[in-house]
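The values are calculated or read from the model by the stated rules, or taken from the named source; none is laboratory data. Just so we're clear, the structure is a prediction, and the values are computed from it rather than from any experiment. Ideal geometry is used to build each Cβ from the backbone, glycine not excepted, and the neighbour counts take in all protein chains shown.
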Amino acid sequence: MHELAITEGILRIMEDQARQQNFSKVKTVWLEIGELSHLNREAISFCFRAVIKGSIAEGAKLEIAHVPGKAWCEQCDRIVELSKLGDSCPICGGFELQIKDGQEMRICKLEVV
Amino acid sequence: MCTTCGCGQGDVTINGEVPHGHAHTHNHNHNHNHNHNHDHDHGAGGSRIVEIEQDILSANDHMAMHNRQDFARFGVLALNLVSSPGSGKTSLLVRTASELADKMPIHVIEGDQQTSLDAERIRQTGVAAVQVNTGKGCHLDADMISRAIQNMQLEKSGVLFIENVGNLVCPAAFDLGEAARVVILSVTEGEDKPLKYPDMFLSAKLMIINKCDLLAYVPFDVEKCVEYARRINPQIEVLQVSALNGDGLGEWYEWIAAQSEMLQRDG
Ligand SMILES: Nc1nc2c(ncn2[C@@H]2O[C@H](COP(=O)(O)OP(=O)(O)OP(=O)(O)O)[C@@H](O)[C@H]2O)c(=O)[nH]1
Ligand SMILES: [Mg+2]
Ligand SMILES: [Zn+2]
């Protein structure tokens, strides 16, 4: 499960930031995860709790903002909503879709002391 | 713990040996942080907010960028082969390596959780192969590839085949620096796989439908499979092959040659 490797990556980013920005404890972590990204929110929350044990983020709160999926429909010549890969355009039913939004997997900010 | 394969780093080996630290040929001290690190006071409690705005996979993506630069320097076409376990990645590579080796330099990296069986199968063709064992890890990442290529002599205008860990989910998230991803689906797996595991098909340039010699024995609707794959990725190219009897491999070799030419031309 890649969510574990990815959560370990989040911890590494926090540890780097702690050195660069002089903090010793993370209280809250804000993530942004797109609806069309590779990540499953439940799996991330689960792995997060496991990975932060004994780290600078032990006990930290995890806030995950959800970014809705959007795609460009060739047929309709406009941006449409796409809530998961493989869905058709909600307007014309076509699949000529180019993803524009919703693939993000970002760490946005931290509350630290 | 983790439901599928309980991925974890730290027990990675390359050709059976534990790689020592991060022995990258290039220096990673240059700072690629495009973050605007503003601190804001957060009033009471002494806590403050640190803005980061960083892609969670930025460390991997950064390493992948360096791999891509290394491949470009040598004009080596790197292909990342992904599929579920047993779709025929190694069988395809064994055949490809033996049939292309006199036409262009061939390099192979084999990724598996355990054993060097696949690398040995490649080596029997006379082509050099590096085995990366990911231990509990369920995918290759860019750092493993960076370390593996230090164990190889990349030759100008060659092809590097990277066989990823058999897994249709996790490898999708990790850019290795490849020029293209090739997803292999065998006809015994069912034509619905592109819809069930869309991430992999979204990021692939080519889908190879393998084991077509078995089409006479298993119900598998090729047309439907292609339609499903194009619902996810309208641009995906498709080839039908049998790594067993060699059907369709000519077109696979032509595809490789075309990608290689494209790489040489566009730098
Ligand atoms: N009938 C038939 N069998 C095939 C074909 N290609 C591979 N096989 C068989 O499928 C099985 C798995 O093949 P491998 O090449 O080991 O598959 P793989 O994708 O490398 O497997 P992992 O590395 O374990 O993920 C072997 O028994 C092969 O002989 C094919 O085109 N036709
Ligand atoms: Mg194999
Ligand atoms: Zn439409």
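Kindly provide the set of residues from the range B:124-157 that are part of a loop (DSSP other than H, G, I, E, B), away from ligand 2 (no atom under 16 Å from the Cβ) and either crowded, with 20+ Cβ neighbours inside 10 Å or among the aliphatic types (A, V, I, L, M) (or both), ordered by number. Full working, then the answer.
Step one: of the range B:124-157, the residues part of a loop (DSSP other than H, G, I, E, B) are B:124-128, B:134-141, B:150-157.
Imposing the further condition that a residue be away from ligand 2 (no atom under 16 Å from the Cβ) reduces the set to B:126, B:128, B:135-136, B:141, B:150-157.
Result: B:128, B:141, B:152, B:154.
Looking at B:43, B:8, B:16, which one is farther than 19 Å from residue B:175 by Cα, surrounded by fewer than 21 Cβ atoms within 10 Å (Cβ to Cβ) and at pLDDT below 60?
Details: B:8 fails: farther than 19 Å from residue B:175 by Cα; B:16 fails: at pLDDT below 60.
Exactly one of B:43, B:8, B:16 is farther than 19 Å from residue B:175 by Cα, surrounded by fewer than 21 Cβ atoms within 10 Å (Cβ to Cβ) and at pLDDT below 60, namely B:43.
Let me spell it out: the conditions are (1) under 23 Å from residue B:248 (Cβ atoms); (2) part of a loop (DSSP other than H, G, I, E, B); (3) not acidic (Asp, Glu), and residue B:121 meets all of them except one. Which number is the exception?
(2)
When you scan the range A:64-90, how many residues do you find that are outside any strand (DSSP E or B) and closer than 30 Å to residue A:27 by Cβ? Give the derivation first.
Initially, the range A:64-90 is screened for residues outside any strand (DSSP E or B), giving A:68-69, A:74-77, A:82-90.
Checking which are closer than 30 Å to residue A:27 by Cβ leaves us with A:68.
Summing the residues that are outside any strand (DSSP E or B) and closer than 30 Å to residue A:27 by Cβ in the range A:64-90 gives 1.
How many of the residues making up the range B:162-188 are surrounded by fewer than 23 Cβ atoms within 10 Å (Cβ to Cβ), away from ligand 1 (no atom under 11 Å from the Cβ) and farther than 18 Å from residue A:38 by Cβ?
2
Quickly run through the range B:62-121 and pick out the residues that are among the hydrophobic types (A, V, I, L, M, F, W, C), within 12 Å of ligand 2 (Cβ to nearest atom) and within 14 Å of chain A (Cβ to nearest Cβ). First the steps, then the outcome.
Initially, the range B:62-121 is screened for residues among the hydrophobic types (A, V, I, L, M, F, W, C), giving B:63-65, B:71-72, B:74, B:76-79, B:81-82, B:92-94, B:97, B:100-101, B:104, B:106, B:108-109, B:117, B:119.
So of that shortlist, the ones also within 12 Å of ligand 2 (Cβ to nearest atom) come out as B:81-82, B:92-94, B:108-109, B:117, B:119.
Listed by number, the list holds a single entry, B:82.
Looking only at the range B:199-213, which residues are within 16 Å of ligand 1 (Cβ to nearest atom), free of Cβ contacts under 8 Å to residues at least 60 places away in the same chain and charged (D, E, K, R)? Reasoning before the result, please.
Restricting attention to the range B:199-213, the residues satisfying the condition of being within 16 Å of ligand 1 (Cβ to nearest atom) are B:200, B:204, B:206-213.
Right, trim to free of Cβ contacts under 8 Å to residues at least 60 places away in the same chain and you get B:206-207, B:209, B:212-213.
The one that is within 16 Å of ligand 1 (Cβ to nearest atom), free of Cβ contacts under 8 Å to residues at least 60 places away in the same chain and charged (D, E, K, R): B:213.
Of the residues B:211, B:205, only one is basic (Lys, Arg) and touching a helix residue (DSSP H, G or I) at 6+ places or on another chain (Cβ under 7 Å); which? So that I can check it myself, show each step before the final result.
Values: B:205 fails: touching a helix residue (DSSP H, G or I) at 6+ places or on another chain (Cβ under 7 Å).
Result: B:211 is the single residue among B:211, B:205 that is basic (Lys, Arg) and touching a helix residue (DSSP H, G or I) at 6+ places or on another chain (Cβ under 7 Å).
Run residue A:84 past the list (1) over 13 Å from the mean Cα position of the chain (by Cα); (2) more than 9 Å from chain B (Cβ to nearest Cβ) and report the number of the one that doesn't hold.
Single failed check for residue A:84: (2).
Quick one: is residue A:69 surrounded by 15 or more Cβ atoms within 10 Å (Cβ to Cβ) and within 16 Å of ligand 3 (Cβ to nearest atom)? Explain how you work it out, then say what you get.
Details: surrounded by 15 or more Cβ atoms within 10 Å (Cβ to Cβ): yes; within 16 Å of ligand 3 (Cβ to nearest atom): yes.
For residue A:69, the condition - surrounded by 15 or more Cβ atoms within 10 Å (Cβ to Cβ) and within 16 Å of ligand 3 (Cβ to nearest atom) - is met.
With A:9, A:93 as the choices, which residue is assigned to a loop (DSSP other than H, G, I, E, B) and more than 16 Å from ligand 2 (Cβ to nearest atom)? Reasoning before the result, please.
Details: A:9 fails: assigned to a loop (DSSP other than H, G, I, E, B).
Only one candidate qualifies: A:93.
Scan the range A:81-99 for residues that are within 13 Å of ligand 3 (Cβ to nearest atom), within 21 Å of residue A:33 (Cβ to Cβ) and not acidic (Asp, Glu) and jot them down. Reasoning before the result, please.
Looking only at the range A:81-99, we keep the residues that are within 13 Å of ligand 3 (Cβ to nearest atom), and these are A:81-82, A:87-98.
Next cut, within 21 Å of residue A:33 (Cβ to Cβ) only: A:81-82, A:87, A:97-98.
Within the range A:81-99, A:82, A:97, A:98 meet the criteria.
Here is a check on your reading of the model: is residue A:50 part of a helix (DSSP H, G or I) and touching a helix residue (DSSP H, G or I) at 6+ places or on another chain (Cβ under 8 Å)?
Values: part of a helix (DSSP H, G or I): yes; touching a helix residue (DSSP H, G or I) at 6+ places or on another chain (Cβ under 8 Å): yes.
Yes; evaluated as a whole, the condition is true for this residue.
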